[in-house]
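These notes concern the structure reproduced below.
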Amino acid sequence: MSDEEDGGENCRKKLRLTKDQSAILEESFKEHNTLNPKQKMALAKRLGLRPRQVEVWFQNRRARTKLKQTEVDCEFLKRCCEQLTEENRRLQKEVAELRALKLSPQFYMQMPPPTTLTMCPSCERVAAPPSSAAAQPSAAHPRPLPVNPWVAAPVTIRPFEALHPRS
DNA sequence: GGAATCCAAGTCGTTACATCA
DNA sequence: AGTGATGTAACGACTTGGATT
């Protein structure tokens, strides 16, 4: 039931390529997503199509591949945004808690142990962490998101005594 | 500079399929 | 269960405009 090659002078629309034709085109597209004129002619001959049809198929395929990839990227960025929003919320909360602690120095001793940066609550200087590895992502705390320069790493403030030990 | 060619982007018309009354 | 109307995604083809040769 093939209406292939009706050969009319004004070969109007010929919709729906056969499964075999589509498969061969897909296979060829996987190898190279653009065709030079020689490849186009050869492929058209092999498929029993006009070179123009092969050309159009490749143009459409590129466009639709790009569209699909854009959708995937968009979805990924959406998830990144959600994660960053959540991290931002968490950090804001942490900052608020630390500010509250700063106003109540008697609670310094009850703070959890430091993990990353150290800061003197009086002079507000940040000291280098005991080990630089502590500031790096680890297997236990991977950072699956792409690097985002606008997102600061979590900050942990050390108690006053840690920066100004009594001799 | 103008013609020819290629490609991306946007669009249109058709087809296949799913859903519903 | 069969059927026609409707909506929608996929697809082939076309048009247009920019870039390149």
> Which is farthest toward the positive dipole end of region A:14-103 among A:Asn60, A:Pro37, A:Cys74, measuring Cα position about the Cα centre, with Cβ charges +1 (Lys, Arg) and -1 (Asp, Glu)?
Replying inline: A:Pro37
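Sorted from fewest to most neighbouring beta carbons within 10 Å, what does the list A:Leu43, A:Leu103 look like?
Ascending Cβ contact count within 10 Å gives the list A:Leu103, A:Leu43.
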> On average, how much area does the Cα convex hull of region A:14-103 cover when viewed from any direction, in nm²?
Replying inline: 8.6
>> Give me the dipole magnitude in Debye, nearest 20, for region A:14-103 about the Cα centre, with unit charges on the beta carbon: positive for Lys and Arg, negative for Asp and Glu.
In response: 620
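All of the numbers you see were taken from the coordinates with simple rules; none came from a lab. Everything numeric here is computed off the predicted structure, so don't read it as measured data. Don't worry about glycine lacking a Cβ; one is built from the backbone with ideal geometry, like all the others, and counts go over all protein chains shown.
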